[in-house]
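Down below is the structure, laid out as structure tokens.
The values are calculated or read from the model by the stated rules, or taken from the named source; none is laboratory data. All of these numbers come straight from a predicted model, not from anything done at the bench. Glycine gets a Cβ as well: all are built from the backbone with ideal geometry, and neighbour counts include every protein chain shown.
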Amino acid sequence: MKFKSTKFLNMLLLSAITFVFSASLFAKEYSGTWILADTNKDPFEAILNEDGSASGTHGKDMKYGTWEEKDGQAIIYWTTNWITVIAKEGDQYVKKAFKPGLSVTDEPSNTSSAKRKE
């Protein structure tokens, strides 16, 4: 019986390590500066820090927020209550924005390409 419980604990530990490693990979995939476009197609930058904080250059009110990786995409929660999602679709990244009151499961208010700033 001891062998089975040790095997189970080893599998559990391996699963936990895999989960943490995967989350770290996504954080590194999305952290950095992104060039996005607003509803008027005007470009702005969104900066996603590895500590989960976010900032942007778009207007005076949309400068700070937080972000998380969820389901393989970056979700940014701005202090203006807008939500921005950056996700990989095929071989490119796409930005979807949701105005206050909408959730990420609703139809986005606008979409644009998302490019990492070099």
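Look at the range 33-77 and say how many of its residues are surrounded by 14 or more Cβ atoms within 10 Å (Cβ to Cβ) and among the acidic types (Asp, Glu).
3
Anything in the range 25-54 that is over 16 Å from residue 87 (Cα atoms) and modelled with pLDDT under 85? List them, or say none.
39
State all residues of the range 60-118 that are of a type in the set (A, V, I, L, M) and farther than 18 Å from residue 33 by Cα; if no residue qualifies, say none.
Within the range 60-118, the subset of a type in the set (A, V, I, L, M) is 62, 74-76, 83, 85-87, 94, 97, 102, 104, 114.
Hits for the range 60-118 are 102, 104.
So which of 65, 72 ends up being touching a strand residue (DSSP E or B) at 6+ places or on another chain (Cβ under 6 Å) and closer than 19 Å to residue 104 by Cα?
On inspection, the qualifying residue turns out to be 65.
Which residues, taken from the range 87-110, are surrounded by 14 or more Cβ atoms within 10 Å (Cβ to Cβ) and under 16 Å from the mean Cα position of the chain (by Cα)? Spell out the reasoning first.
Initial filter on the range 87-110 (surrounded by 14 or more Cβ atoms within 10 Å (Cβ to Cβ)): 87-88, 93-99, 102, 104, 108-110.
Of everything in the range 87-110, those that are surrounded by 14 or more Cβ atoms within 10 Å (Cβ to Cβ) and under 16 Å from the mean Cα position of the chain (by Cα) turn out to be 87, 88, 93, 94, 95, 96, 97, 98, 104, 108.
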